[in-house]
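Below is one structure, written out as structure tokens; comments come after it.
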Amino acid sequence: MADTHEIKQTMWDRMAQSPFVMVGLEEGGHSEPLTAQLDRDQVDTLFFFIGKDNRLAGGGKAMAQFVSKGHDFFACLAGTVAVDNDFAMIDKLWNKQAEAWFPGGKSDPNLALLRFDIDDAELWESDVSISGRVKMLLGGTIKPSEAGSHARVSTTAA
């Protein structure tokens, strides 16, 4: 079972490998898939390139859900989204994927940089032990110590 520091570090490592997150406003509407832009210098923050007409552009309280590529790590993040068109940050995070969506480049008139400030998170790492896997195959009961790690955190800083 991982400690809280390890599970937070695992979240950032897994998100760097597959940065796809579902994000939605708490005040109604469905979540939508976005590609997180990670900046190691920013604690508890995700960035997303979106269109100015995106339903998240109005900002507000939001939730984000993340599932790792191997389906062995899960995170639910609560926080606030707001457009933050800091050109230095846009320049720092800009990449070929963003360019594919915004043909006008960094100065595309529809480009907005959405900032997600994480207030708290719940994290799960599915790391079932060998004995737990045998029990799953045979229909046995898995003890919490065999199931993996879970943490509720007020910061995702590792």
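Counting only residues that are assigned to a helix (DSSP H, G or I) and either modelled with pLDDT of 95 or more or touching a strand residue (DSSP E or B) at 6+ places or on another chain (Cβ under 8 Å) (or both), the stretch 106-158 holds 2 of them. Taking the condition on the phi > 0 side of the Ramachandran plot, out of contact with any Gly (no Cβ under 8 Å at 6 or more places or on another chain) and modelled with pLDDT of 95 or more, does Gly51 pass? When the stated conditions are applied, Gly51 does not pass them.
Screening Gln42 against (1) in a loop (DSSP other than H, G, I, E, B); (2) touching a helix residue (DSSP H, G or I) at 6+ places or on another chain (Cβ under 8 Å) leaves a single unmet condition, (2). For the subset of the stretch 64-81 comprising residues that are polar (S, T, N, Q) and closer than 19 Å to Trp12 by Cβ, which member is surrounded by the most Cβ atoms within 10 Å (Cβ to Cβ)? Result: Ser68. Taking the stretch 46-63 as the range and being surrounded by 18 or more Cβ atoms within 10 Å (Cβ to Cβ) and under 15 Å from the mean Cα position of the chain (by Cα) as the test, the residues that pass are Leu46, Phe47, Phe48, Phe49, Ala62. Restrict the check to the stretch 58-76 and report whether at least one residue is at pLDDT below 85 and out of contact with any Lys or Arg (no Cβ under 7 Å at 6 or more places or on another chain). No; the residues of the stretch 58-76 include none that is at pLDDT below 85 and out of contact with any Lys or Arg (no Cβ under 7 Å at 6 or more places or on another chain). Could you list, in sequence order, all residues of the stretch 82-105 that are loosely packed, with under 15 Cβ neighbours inside 10 Å and part of a helix (DSSP H, G or I)? Within the stretch 82-105, Phe87, Ala88, Asp91, Lys92, Lys96, Gln97, Glu99, Ala100, Trp101, Gly105 qualify.
Among the residues of the stretch 82-89, is there at least one that is hydrophobic (A, V, I, L, M, F, W, C) and under 15 Å from the mean Cα position of the chain (by Cα)? No, the conditions are met nowhere in the stretch 82-89.
Would you call Ala16 within 12 Å of the chain's Cα centre (by Cα), in contact (Cβ under 8 Å) with a residue 12 or more places away in the chain and surrounded by 13 or more Cβ atoms within 10 Å (Cβ to Cβ)? Considered against the rule, which asks whether it is within 12 Å of the chain's Cα centre (by Cα), in contact (Cβ under 8 Å) with a residue 12 or more places away in the chain and surrounded by 13 or more Cβ atoms within 10 Å (Cβ to Cβ), Ala16 comes out as no.
The values are calculated or read from the model by the stated rules, or taken from the named source; none is laboratory data. Model, not experiment: these values are computed from the prediction. Every residue, glycine as well, gets a Cβ built from its backbone with ideal geometry; the counts of neighbours run over all protein chains shown.
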